[in-house]
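Please treat every number below as a calculation from the coordinates, not as lab data. Fair warning: this is a prediction, and the values are worked out from it, not measured in the lab. Note that we place each Cβ from the backbone using ideal geometry, even for glycine, and neighbour counts take in every protein chain shown.
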Amino acid sequence: MRFALDETHDCLTQSWAESANDAESDFPLQNLPFGVFRRGNEAARVGVAIGDLIVDLAGLYQSGLLDDAEVRPAAEACLSDSLNGLMALGTAPRRAMRRRLFTILRAEATSNDRETARRHLLAQNEVEMLLPARVGDYTDFYASIFHATNVGKLFRPDNPLLPNYKYIPIGYHGRASSLVPSGTKIVRPSGQRRVGEAEPTFGPSRSLDYEMELGFFVSAGNRLGEPILMGDAEEHIFGVCILNDWSARDVQAWEYQPLGPLLAKNFSTSLSPWVVTMEALAPFRVAAFTRAEGDPAPLTYLLDAKDNAQGGVDIWLEARIATAVMRERGVEPALLGRSNVRDLYWTLAQMITHHASNGCNLRAGDLLGSGTVSGAEKSARGCLLELTSGGKEPILLPSGEQRRFLEDGDEVTIEGYCQRVGFRHIRLGRCSGIVIGQQ
């Protein structure tokens, strides 16, 4: 396993931060995701989640708890308002930081470590979570063959899956400037729409949708002109988050040919605030997706035996909706879809390798998205376009309302988690946004 199991994955080890020991905690000691927070008018700082608390890493460093030679480079990189510096260091400093934090926060920590660290804890509900990195570039892939086939049937009934799909990880260059943190309101976008053979019109999208995705951040990048090899690809991945690529389907249907989406996708993309590292995901690695008999094998530059054996990630994603009426009546959010990242046709390593295969220079903090994560069953579809067959089959909500696409006041929340017998389950947190009309 590229990111090997070690003492930080021991399910029996507990923390002196009691909330981390709760069986339902998103952030047990075995997780330790990184994020960026701000308290009041103070400057943004880098922190690590433990239970319902945040460890202020600048405070830990200044107190002397992160001064070991092996840990110091990562600690000094965290004296910042983003994770870019830590990401740029690559994997070894991050692993050293994880091991040291595990030692400080476990129940068996020395009294000095424990008492000193307590002075640098904050409640998560008392801070504002920000984007975890300054994202220079954002690329969104199309890595679910189930999503690609379902959407293809709607847009191209006679030719749903284009012949290049099984050979090449398809992606498009997104808009980094419109990445927003979870909780940001999503203003309904406008664009050109065409119904039937009529002339196109311009106005607010009538077919606004969510897309349930996994995001992953680039760690150490590569030089311009130097590709990333498959065997090295995961060393260039810092960790993962939840991503919602809000999409205007009516705008998309009109503009996507011949060059792909533009206004349909670039108005807002929501990110969860916590980045779960590749080390934390080590217990949840699985084999890459098993291709159907007759499907071509990946081309040589995308083929790696270790990636085929352990390149998948067993991460569940769930999307829920709460309409304005549901919230007013106290109705629980309704489950829309539940799917698993292990069902992606392309692995994270294959996506990052392909992205850099032409010499494209990826940089620390760049964001890549998996594309909508869908499975074989209808309940595993990751967007309303699939769930409602393009709006033809509305879904019924517990409030009695129906939805073909999102309406103003609808709140979509996506959650992610990993679970496996013998290990603490860990969560990726939540990514949410409420749709509002144009002001």
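A compact table of results
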{"item": "Environment charge at residue 248 (Cβ cut-off 9 Å; Lys +1, Arg +1, Asp -1, Glu -1)", "result": "+3"}
{"item": "The stretch 393-433-the stretch 15-52 distance, computed between alpha-carbon centres (Å)", "result": "22 Å"}
{"item": "Gain in span if fully extended, residue 229 to residue 70, counting 0.36 nm per residue against the direct Cα distance", "result": "54.5 nm"}
{"item": "Taking only Cα atoms of the stretch 7-129, radius of gyration then Dmax in Å", "result": "13.4, 39"}
{"item": "Mean Cα-pair separation over length for the chain, i.e. relative contact order, pairs under 8 Å, 6 or more apart, %", "result": "21 percent"}
{"item": "Label point distance in nm, residue 18-residue 396, each placed 7 Å from Cα along Cα→Cβ", "result": "4.6 nm"}
{"item": "Cα-based shape type of the stretch 208-272, given that a ≥ b ≥ c are square roots of the gyration tensor eigenvalues and the cut on a/c is 1.5", "result": "oblate"}
{"item": "Partner lysines for residue 392 [C-alpha distance under 29 Å; skip if fewer than 8 residues away on the same chain]", "result": "153, 166, 185, 265, 378"}
{"item": "Value at 222 nm in deg cm²/dmol, rounded to 500, when DSSP H runs of n ≥ 4 in the chain each add -39,500 (n - 2.57)", "result": "-5000 deg cm²/dmol"}
{"item": "Crossing angle, helix 91-105 versus the chain [Cα axis fit, 0-90 degrees, rounded to tens]", "result": "60 degrees"}
{"item": "Among 195, 36, 251: highest mean-square fluctuation, GNM of the chain, C-alpha pairs under 10 Å", "result": "195"}
{"item": "Per-peptide average of other Cβ atoms within 10 Å, ordering 217-223, 157-163 highest first", "result": "217-223, 157-163"}
{"item": "Gained length - residue 161 relative to residue 407, 0.36 nm times residue gap less alpha-carbon distance", "result": "85.6 nm"}
{"item": "Long-range HN-HN contacts of residue 11 with modeled amide H, under 5 Å", "result": "424"}
{"item": "Amide proton proximity set for residue 336, modelled H, under 5 Å, gap of 5+", "result": "319, 320, 321"}
{"item": "Interchain or long-range residues, amide H under 5 Å from residue 80's placed H", "result": "46"}
{"item": "Where trypsin sites (Lys or Arg not before Pro) fall in DSSP loop in the stretch 257-296, at most 15 other Cβ within 10 Å", "result": "291"}
{"item": "Residue among 272, 247, 19 with the largest mean-square fluctuation in a Gaussian network model of the chain, springs linking Cα atoms under 10 Å", "result": "19"}
{"item": "Selection of GluC sites (Glu not before Pro), the stretch 252-359, meeting DSSP coil and at most 13 other Cβ within 10 Å", "result": "293"}
